[in-house]
């Protein structure tokens, strides 16, 4: 495909297809192709844009993720202010707003559009000639932050419009983090010892205000468009409801729960319905927004201060209650984390009886000073699992007990560890029943033993049928073929393929086995370092802390994790069974003088994109190289990242060889 016109046409075709499938998947929730087919389209487009950069444009689907971090957010002046809403907390306040509105329009009839008041972050999106050019926060209503690059990572925001649109226009919407994504994000932050987000709104705001868009891209943000800010060069519909239908036709995501209503009684009924059903929503909402539908009446009503007269937020009642904290229990997560939870005296909150609530981790319990026996405030803020907000200190009697995390797993009795700098304690037993499925899935994954055919569903089925209790049991399945064939979706051929994959996995290199064991903090790169420096699983199991710390990139946290893993008798039994089954647990140990970068000194200047400076230096050292702190005649290579400092000038004066980050990556891969 060397003809430039053909290339340009193919790129345009791919972009159109990908935009179409993004719209089907992220807006309509009705995909037409598989993830693999979608990935193949993206792969081809990326390849063509890299080969022909002259055809790369800012609105390409490939530009949603990966832009370099910005130093600071610029300021955007809003052509029309983004106003805040007045609130109504009871029916009489809603009726009072309606009566005031009716008088101001001299008794003219009007409809209402009712929408959920989603707990997120208001943004304004400006499109010029069909392309997204600016995305900004509400800010103070008149001036917001330019977060265009971050908003481009949200797949439900179109980068370009699917059909003819006004030459220049602005839409307004609410960026939010769905409940499932919020709970997952907080769980991950708790496990990493990071502060938890208080609510989905804080999480959404924190996500879109990252200086690095790649952080934003990792979070499952979504958006619903709730209005047209302004439009130039083309007429738009006369009512808010018709405008929303028009924006939907342009490819914007509009909340399907919006309703057009004709009376204030219907508005009250809509509100009452969602007070009862709010827990079924996939997002957090704290009320409904009631808007006058006719846009000419909106203009006539105008604003008072920073609030429009033509709209009001009718809030849901608060969902909190107080009760007695009887005890703090411990559940063990699928990754071995010990998760404290509150055992409560039953209390009705928002029409639901609550007997237990989440406490996240030991640090969270200490920070909130929650004690066994306390009277506590319990909240249902839309999450599936209620949370303990904090204690009512004024009701303490002095008999309350301070909570401490158990030193042994409540499920299997194995030792627990709390790595330095982390908030979560963990069970160290690879055979712990509470985490065996997660460990099994990790063991068979592509980066681990790469056993095709045993995914999440088959792992669960093998465990449920008692055919597997830990990863070593996989190598006994060849004697249970008849039992496996009888299971659901297990035909003769597929079972044979699985058994062949298990047999082939015995020849995986030692580094893959170390990674597959799921030792805390041991990723693929660290596993390769351990295999090269120690040569066998036995050497790893028996290595002293000092020996481990002498290996590049292995710090106290990793060394302690390895020691804790091999202290467990169950883990050693699994290793022995793997050895007896014929799994390769040794490889030739590389002598330091034989490493490919021996004798070379590297120095890094500037910011690297693909990995941190510490990671790059660890990989260099693992291959025998050394790293320096200043450019000298001994410096073999100066690696240049973004914004290099004075070291570059010094290297040029000395004639030191220069490497880009891409060239360093290629060198490390070729010599690894």
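The values are calculated or read from the model by the stated rules, or taken from the named source; none is laboratory data. Everything quoted here is computed from the prediction, not taken from an experiment. Every residue, glycine as well, gets a Cβ built from its backbone with ideal geometry; the counts of neighbours run over all protein chains shown.
Overview of results
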quantity: Search result, residues across the stretch 504-542 that are touching a residue at least 12 places away in the same chain (Cβ under 8 Å) and outside any helix (DSSP H, G or I); calculated: 508, 509, 517, 518, 519, 520, 521, 522, 535, 536
quantity: Neighbours by Cβ (under 9 Å, 6+ apart or cross-chain): first from the stretch 643-655, on the phi > 0 side of the Ramachandran plot; second assigned to a loop (DSSP other than H, G, I, E, B); calculated: 643/606
quantity: Of all residues in the stretch 617-672 being touching a helix residue (DSSP H, G or I) at 6+ places or on another chain (Cβ under 6 Å) and in a helix (DSSP H, G or I), the one that is nearest to residue 531 (Cα to Cα); calculated: 622
quantity: Residues of the stretch 469-508 that turn out to be within 31 Å of the chain's Cα centre (by Cα) and over 13 Å from residue 578 (Cα atoms), as a count; calculated: 1
quantity: Total residues in the stretch 434-454, condition closer than 19 Å to residue 477 by Cα and either touching a strand residue (DSSP E or B) at 6+ places or on another chain (Cβ under 6 Å) or without any contact (Cβ under 8 Å) to a residue 24 or more places away in the chain (or both); calculated: 1
quantity: Answer from 350, 336, 390 - the residue that is modelled with pLDDT under 85 and within 26 Å of residue 279 (Cα to Cα); calculated: 350
quantity: Residue match in the stretch 371-387 (condition: in the same structural domain as residue 332 (by TED's automatic domain parsing), in contact with a strand residue (DSSP E or B) (Cβ under 6 Å, 6 or more places away or on another chain), in contact (Cβ under 8 Å) with a residue 60 or more places away in the chain and over 19 Å from residue 191 (Cα atoms)); calculated: yes
quantity: Among residues of the stretch 423-435, those that are outside any loop (DSSP other than H, G, I, E, B) and either at pLDDT below 85 or more than 20 Å from residue 188 (Cα to Cα) (or both), counted; calculated: 0
quantity: Candidates 607, 613 - the one that is within 30 Å of residue 665 (Cα to Cα), in contact with a strand residue (DSSP E or B) (Cβ under 9 Å, 6 or more places away or on another chain), outside the structural domain of residue 440 (by TED's automatic domain parsing) and at pLDDT 80 or above; calculated: 607
quantity: Residue in the stretch 359-387 that is nearest to the chain's Cα centre (by Cα), counting only those that are modelled with pLDDT of 90 or more, in a loop (DSSP other than H, G, I, E, B) and buried (at least 21 other Cβ atoms within 10 Å of the Cβ); calculated: 370
quantity: Matching residues in the stretch 477-503 - criterion: being touching a residue at least 12 places away in the same chain (Cβ under 8 Å) and closer than 21 Å to residue 585 by Cα; calculated: 477, 478, 499, 501, 502, 503
quantity: Only one of 129, 92, 111 that is modelled with pLDDT of 90 or more and at positive phi; calculated: 129
quantity: Unmet criterion (only one of (1) in contact (Cβ under 8 Å) with a residue 60 or more places away in the chain; (2) under 14 Å from residue 514 (Cα atoms)) for residue 564; calculated: (2)
quantity: Counted residues, the stretch 628-647 - those being in contact with a strand residue (DSSP E or B) (Cβ under 9 Å, 6 or more places away or on another chain) and surrounded by fewer than 17 Cβ atoms within 10 Å (Cβ to Cβ); calculated: 10
quantity: The listed residue being modelled with pLDDT of 90 or more, in contact with a strand residue (DSSP E or B) (Cβ under 9 Å, 6 or more places away or on another chain), outside any loop (DSSP other than H, G, I, E, B) and at positive phi, out of 229, 251, 287; calculated: 287
quantity: Answer from 336, 302, 321 - the residue that is more than 30 Å from residue 230 (Cα to Cα) and surrounded by fewer than 19 Cβ atoms within 10 Å (Cβ to Cβ); calculated: 321
quantity: Filter result for residue 584 (over 18 Å from residue 427 (Cα atoms), in a helix (DSSP H, G or I), out of contact with any strand residue (DSSP E or B) (no Cβ under 9 Å at 6 or more places or on another chain) and at pLDDT 85 or above); calculated: no
quantity: Tally of residues being closer than 19 Å to residue 191 by Cα and out of contact with any strand residue (DSSP E or B) (no Cβ under 8 Å at 6 or more places or on another chain) across the stretch 388-418; calculated: 1
quantity: Wholly within the stretch 436-503, helices (runs of 4 or more DSSP H) carrying at least 1 residues that are farther than 21 Å from residue 518 by Cα and in the same structural domain as residue 565 (by TED's automatic domain parsing); calculated: 456-464, 481-485
quantity: Filter result for the condition that a residue is surrounded by fewer than 18 Cβ atoms within 10 Å (Cβ to Cβ), touching a residue at least 60 places away in the same chain (Cβ under 8 Å) and more than 18 Å from residue 439 (Cβ to Cβ), over 586, 570, 546; calculated: 586
quantity: Condition met for residue 396 (at negative phi and in the same structural domain as residue 376 (by TED's automatic domain parsing)); calculated: yes
quantity: Boolean, residue 356 is surrounded by fewer than 20 Cβ atoms within 10 Å (Cβ to Cβ) and closer than 30 Å to residue 415 by Cβ; calculated: yes
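Quick grid of which residues meet (1) under 16 Å from residue 119 (Cα atoms); (2) in contact with a strand residue (DSSP E or B) (Cβ under 6 Å, 6 or more places away or on another chain); (3) part of a helix (DSSP H, G or I):
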residue	(1), (2), (3)
225	yes, yes, no
244	no, no, yes
247	no, yes, yes
255	yes, yes, no
274	yes, no, yes
